[in-house]
Amino acid sequence: MKRALFFILITILGSVLFAEYEDFYHSWSDFFYPSMDPNAGLTLFPSLFIPMGGKYEGMGTAFTAVANDISFIESNPAASATLPNTELAFLHHSWIMDSNIEGIVYSTRIDDMGLAFSGKFLYVPFTEKDEWGRTGGTGYYLETIGTANISYNLFKNYYFHGLSVGANLKLAYMGIPDNIYAGQSVLTGMLDVGLLTRFNFLKFYNANENNFSIGATFKNFSPIPLIDPVPTLFTAGLAYSPLRPLTLSVDFNLPINLFTNVPSEQWYFAAGMSLAFTREIILLSGVKLKGGNPIFALGTSIELPDVQFTVNYSLDLTNTLNPLDKFSITARFNLGDQGRSGKTGSTDDLYIKGVTSFAEGKIEEAIKYWEQVLELDPTYTPASDYIDIARNKLILEKELLDRQKFD
C-alpha cells in the first residue's frame, strides 16, 4: 500500500511541477497554435470526448485495442465480452473550475456474451451577463448520457482469442436553462459499434495472454436531425506488448459529420503506454494530438484483489497551475468471475492428468480425462487432438495384436 500511495503522489506532484513551467507552457502554446482546427466545437455533446476516467483516460484515450478495464464503455463496446470479471465502478473527473463529470458503470459476462450499463453526468455552473456585466440568469448546463451495452465473442477456441463484436445504445440529454437560452435543450439517441480481436505476434516471452490486439469503432451515430450534429467518430487502434509488463497503443481518429453540411473536425492521433511495476501497481501515460490542443495524461492504477483504484491527471492548453483541474479518480469493485477461473483450472488439471496417463501407457484412462475436459470446455482443442491420437494408437495396437495372433 505504501508503494501505491507513492505512485499516486508521483502522478499528482509530477503533473503539478510540470504545469508550473510557465515559459515551457507558453512555448508549447505558440508551437501548437498553427494546428488549431477551425472546425472544432461545431458539434453537440462535448462531454462525449471528455473521459470519465479509468485506464482509458490514463492512456491518453488510445484504448480502442486495449479495452481491458471497465472504462471500455467509452472506448470500444466490443470489450465487455472479454473482461474476466463482473465489475462495478464509480468515477469522478474534476474537469475545469467548478465543472465536474460523474460516472457509474456496471459490466458482467455470461459465457461469451458481455453486458454493461453506464451513466455519465456533466454539470457546468452557468451565469448569463448582459453588455453592462449585470447578471441576467443563472443555472447549470447539463449533459446526461445513459448507455446500454451488449457484445459477443465469436469464433473463440483454444488457439484464437475470438472476434468480439459489440454495440452501445445511448440516450443523451443536453439541458440548458430556459431563463438563459429558451428552447435549446436536446434529447437524442446514438449508436456505437465496435470490433476487437487479440492474438500473438512477435512475442518473445511465455504467458497465456495474447500480446497483440486490433480494435475498431464507429461511435455516436445518429440519423436524428438536430440543431447541430453529434460528434460521430471512426477509430482504429493497435496495441502491442513487446514485454509482459509493457503495453504500447495507438489510435487513429477520424471525425465524420453525417447528414449535415457542417464541416468535420480534422483527423488526429492518440498514443498510450501501460507499464506494470508489480502485479498491483501500473503506471499509465498517454498523449492525444488533436488540433492545437494536445492533451498529456499521467496516471497510476492500483490493482488489489477486490477493488482497484485509478488516479489520472491531464494537462492541456485549457488548464495551468491548478492540480485539481483535469484530475480524475476511479474505484472499481471486483464482483467475481462466475466460476470461470475455477473451471479453467479444472480443465487444465484434467488435461495434465490425461497427458500423464498417456505417457504411462494408460490410453483408455487418458481418453476419459480428455473427454471430461471437453465436457467442461468444448473449445479445448489440445484435448480433442490428443483423443484422436490416442484412439489411433489403440487401433494400431489392436491391428498389431491381430497380426501376431495370425502369425
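Bear in mind that the values in this text are calculations on the coordinates, not laboratory data. From a predicted model like this one, the values you see are computed outputs, not experimental measurements. Backbone-built Cβ (ideal geometry, glycine too); neighbour counts: all protein chains shown.
Give me the mean projected area, in nm² to one decimal, of the convex hull enclosing the Cα positions of the chain.
Convex hull of Cα atoms, orientation-averaged projection: 25.7 nm².
Skipping prolines and chain starts, which residues have an amide H placed within reach, meaning under 5 Å, of the one on N100, given they are 5 or more residues away or on another chain?
W95, Y123
Given the C-alpha centroids of segment 365-402 and segment 232-255, what is the distance between them in whole angstrom?
Using only Cα atoms to place each centre, the spacing works out to 41 Å.
Quick check: residue separation of M36 and I224 times 0.36 nm, minus the Cα distance between them. What number comes out in nm? Write down the numbers at each step before the final one.
Details: separation 188, 0.36 × 188 = 67.68 nm, distance 2.92 nm.
Full extension from M36 to I224 adds 64.8 nm.
Could you quote the convex hull projected area for segment 336-407, Cα atoms only and averaged over all directions, in nm²? Please list the in-between numbers first.
Values: hull surface 19.6 nm².
Spelled out: convex hull of the Cα atoms, projected over all directions, averaged, 4.9 nm².
From the backbone phi of segment 228-244, what are the Karplus-calculated ³J(HN,Hα) couplings (6.51 cos²θ - 1.76 cosθ + 1.60, θ = phi - 60°) in whole Hz, Gly and Pro given as x?
Per-residue couplings from phi come out as 9, x, 7, x, 5, 8, 9, 9, 10, x, 10, 9, 9, 10, x, 10, 4 Hz.
How far apart, in nm, are the 7 Å Cα→Cβ label points at L258 and F277?
According to this spin-label approximation, the distance is 4.5 nm.
Per-residue HN-Hα couplings for segment 63-72, Karplus 6.51 cos²θ - 1.76 cosθ + 1.60 at θ = phi - 60°, whole Hz, x for Gly and Pro?
Once θ is set to phi - 60°, the couplings for segment 63-72 become 10, 4, 9, 8, 6, 10, 9, 5, 6, 4 Hz.
Using the Karplus curve 6.51 cos²θ - 1.76 cosθ + 1.60 with θ = phi - 60°, work out ³J(HN,Hα) for each residue of segment 372-387 in order, rounded to whole Hz, and write x for Gly and Pro.
For segment 372-387, the Karplus curve yields 5, 4, 5, 5, 6, 9, x, 8, 6, 4, x, 5, 5, 5, 5, 4 Hz.
Just how large is the dipole of the chain about the Cα centre, in debye to the nearest 20, putting +1 at every Lys and Arg Cβ and -1 at every Asp and Glu Cβ?
Approximately 620 debye in magnitude.
Based on the mean of other Cβ atoms within 10 Å per residue, sort peptides 87-94, 253-260 so the most packed one is first. Show your work: numbers first, answer last.
Working: 87-94: 19.9, 253-260: 17.2.
By packing density, highest mean first, the sequence is 87-94, 253-260.
Measuring from a point 7 Å past the Cα of Q266 along Cα-to-C-beta, which residues in segment 284-305 have an amide N at less than 16 Å?
Residues passing the 16 Å test: 288-295.
From the P(r) of segment 34-76, could you give the percentage of C-alpha pairs in the tail past 11 Å?
On the way: 598 of 903 pairs.
Percent of Cα pairs beyond 11 Å in segment 34-76: 66.
What FRET efficiency would be calculated for the residue pair R244, I96, taking the C-beta separation as r and a Förster radius of 41 Å, to the nearest 0.05?
Values: r = 38 Å, r/R0 = 0.92.
In this case the efficiency is close to 0.60.
Given a cut-off of 19 Å, name the pairs among K203/K353; K156/K343; K55/K203 whose C-alpha atoms lie farther apart than that in the structure shown.
Working: K203/K353 29 Å; K156/K343 16 Å; K55/K203 23 Å.
Table pairs above 19 Å Cα-Cα are K203/K353; K55/K203.
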